[in-house]
Amino acid sequence: MKQIKVLVVDDSAIVRKIFAKELSRHPDISVIGTAQDPYVAREKIVQLKPDVITLDIEMPRMDGLTFLKKLMKYFPIPTIIVSSLTPKNSEMALEAMECGAMEVIAKPGGSYSVGDMSEQLVEKIRAVASASFKPLPSVVPDNGARAQAMGALATRALRQTTHKVIAMGASTGGTEALKAVLTQLPANSPGIVVVQHMPPKFTTVFADRLNTLCRIEVREAKEGDTVSPGLALIAPGNFHMTLMRSGARYYVEVRNGPLVCHQRPSVDVLFRSVAQYAGANALGVIMTGMGKDGAEGMLEMHKAGAHNVAQDEASCVVFGMPQEAIRQGGVDQIVGLERIPDALMNALGGS
């Protein structure tokens, strides 16, 4: 078995010890070294040639974000950001992902246990090790003609379908992919519910960042929030989100619960609820990510009459989740990332 060589970069000796111990339990992963700051890390990268790096944000002598920018320019290696759950660290971690980091994970502590951390860290290491570096998703230029066309298409679609809901799920590479899609949707889009695999606090910052970029309103979901046109609700980290319905009103429930496909929030949990309560009034989107979370739920949506779109392999950072959804037969349409907004609007218009 070919082992994935991992370098752990963190100024905390305790974190380095925990990560090394937890990762060593898995025969396909080998911690080949640790470093307490970027300067030591630079030497070990050259010497040991790791396949994956876990990188802390706050470190002495040089912060993780500055180091990452240098790393991606001169010696690009799949990188997982490790950070404490603070607003400042969350902002920096999100910026790191925009600069090329492929995943983010929370340091153990508080409600985020070592058990949860180790399960998700192993999955993320496997995901980024299997991914090939690609250019970050490019947003289609926002020109007036395209915006007007999308707005007109959405208006026509919404006249025909007044109770539509769009459900989206993503993991590795999903923060940039979701940004590429959501920034292109018109302000009168149907209500949107989203699961992106991220820890607590990070989803808050992610939603706030998207809200400054999108025509639609984007915010982290709270218990009982109404799903309404022009609004996207992001599932909060460490909580499952489900779609519910009372009469003509869609709303979300946010709850705890066991990990599903090693995840909380889980795409499968969301998609199954969408199949149950929205049925043929739903559109599903499954995007880049490792594993199979969302595949079974998307199949249930398909059987309930929803129209489902999968991101194609060429534009995915990791094709795992879309590939599994396609394999199980729950996908109606496979398109490149830049075509997902048009695919959604065309489906709404009955095209």
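Efficiency by 1/(1 + (r/R0)^6): what FRET value for residue 3 and residue 39, r their Cβ-Cβ distance, R0 = 22 Å, to the nearest 0.05? With a Förster radius of 22 Å, E is 0.25. Computed from point charges on the beta carbon alone (+1 for Lys and Arg, -1 for Asp and Glu), the dipole magnitude for the chain about its Cα centre is near 120 Debye. Cβ-Cβ distance of residue 62 and residue 255, R₀ of 41 Å, FRET efficiency by 1/(1 + (r/R0)^6): the value works out to about 0.50.
Cα centroids of the range 202-219 and the range 60-94: 21 Å apart.
Nearest 0.05, what FRET efficiency do residue 98 and residue 314 give at R0 = 22 Å with Cβ-Cβ as r? Working from the Cβ atoms, E equals 0.55. For the listed peptides 220-226, 246-252, a ranking on the average number of other beta carbons within 10 Å per residue, highest first, reads 220-226, 246-252. Using just the C-alpha positions of the range 144-348 as equal point scatterers, what log10 of I(q)/I(0) does the Debye formula give at each q in 0.12, 0.14 1/Å? After summing over all Cα pairs, the log10 values are -0.50, -0.70. Packing order of peptides 198-204, 97-103, 60-66, highest average first: 198-204, 97-103, 60-66 (average count of other Cβ atoms within 10 Å over each peptide's residues).
Highest mean first, the peptides 277-290, 227-240 sorted by other C-beta atoms within 10 Å per residue fall in the order 277-290, 227-240.
Between amide H atoms placed 1.01 Å from N, distances below 5 Å from residue 225 occur with 252, all of them 5 or more places distant or on a separate chain. Based on Cα contacts under 8 Å between residues 6+ apart, the range 194-341 shows a relative contact order of 17 percent.
Quick note: the coordinates plus some simple rules give every number you see, no bench work behind them. The model shown is predicted, which means the values in this text are computed figures rather than measured ones. FYI the Cβ positions are ideal-geometry reconstructions off the backbone, even for glycines, and counts take in every protein chain you see.
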